[in-house]
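What follows is a set of notes on a single structure, which appears directly below.
Just so you know, all these numbers are worked out from the coordinates, no wet-lab data involved. Values in this document were obtained by computation on a predicted structure and should not be read as measured data. Because the Cβ atoms are built from the backbone with ideal geometry, glycine has one as well, and the counts that use them run over all protein chains shown.
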Amino acid sequence: MKMTRLVVQLPKTLKAKLDAERKRGTTAAGLIRHLLEQHFKSQRGA
């Protein structure tokens, strides 16, 4: 799958939470992709 870039501005509080997840091994990009996939899958079923 060809990827494209997306630039998102976040409040510092959310960025800090993403940084904490990174320390546990989860990348911001991976987490955001996962959440978007979940969101769009749930919309199809609704």
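In the stretch 7-19, the residues that are over 12 Å from LEU31 (Cβ atoms) form no Cβ pair under 6 Å with any partner that is assigned to a helix (DSSP H, G or I), whether six or more places apart or across chains. Considered as a group, the residues in the chain that are hydroxyl-bearing (Ser, Thr, Tyr) and assigned to a helix (DSSP H, G or I) include one that is surrounded by the most Cβ atoms within 10 Å (Cβ to Cβ), and that residue is SER42.
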